[in-house]
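Step one of this worksheet: look at the structure below.
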Amino acid sequence: MKTKGAVELITQRIVAQPGATFGWHSHPGENVNVVLQGTLTLYHDEDCANGVAYPAGSAFPTHPDRVHLARNLSETETLIFFATYFAPKTTPPTGVLGRRPPPTSRGFGHK
């Protein structure tokens, strides 16, 4: 993983109830996620109809400015994961989640 300039390391414990969605978004820097419980399904805007499922024990990155959507597709299990961001160090601090409009392309992932 490479970064440019000073970065801040930010870690969040995120809990998502069954059926939860995080909406289309991106991050300002590299991001590493580790799924503790449940399954996180990730969709990317260039292929929004096909999600990739990350079950408990999985780790995966998301890259800066790559628009994606994360969901907990389970009807019964709570999703818990840890997201660690390598955010550019700025004053005031940069937010780690930038909302984006849904892609205009095909597929179920943009709903």
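Bear in mind that the values in this text are calculations on the coordinates, not laboratory data. Note that the coordinates shown come from a computational prediction; the quantities given were computed from them, not determined experimentally. Positions of Cβ are generated from backbone atoms using ideal geometry, with glycine treated the same way; all protein chains shown enter the neighbour counts.
Overview of values
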read-out: Cα centre as origin, Lys/Arg/Asp/Glu Cβ charges: the chain dipole, Debye; value: 240
read-out: Leading residue at positive end of dipole, the range 8-111 (Cβ point charges), from Leu97, His63, Thr39; value: Leu97
read-out: Label of the coordinate-derived value, log10 I(q)/I(0) by the Debye sum over Cα atoms at q = 0.13, 0.15, 0.17, 0.18 Å⁻¹, listed as (1) -0.71, -0.82, -0.90, -0.93; (2) -0.48, -0.64, -0.81, -0.90; (3) -0.68, -0.86, -1.01, -1.07; value: (2)
read-out: Long-range amide H partners of Arg66 with built H, under 5 Å; value: His27
read-out: Cα→Cβ-extended label distance, 7 Å offset, between Phe60 and Asp47, nm; value: 1.0
read-out: Residue-by-residue Karplus 3J(HN,Hα) for the range 19-29, coefficients 6.51, -1.76, 1.60, Hz, glycine and proline x; value: x, 5, 10, 9, x, 6, 7, 9, 10, x, x
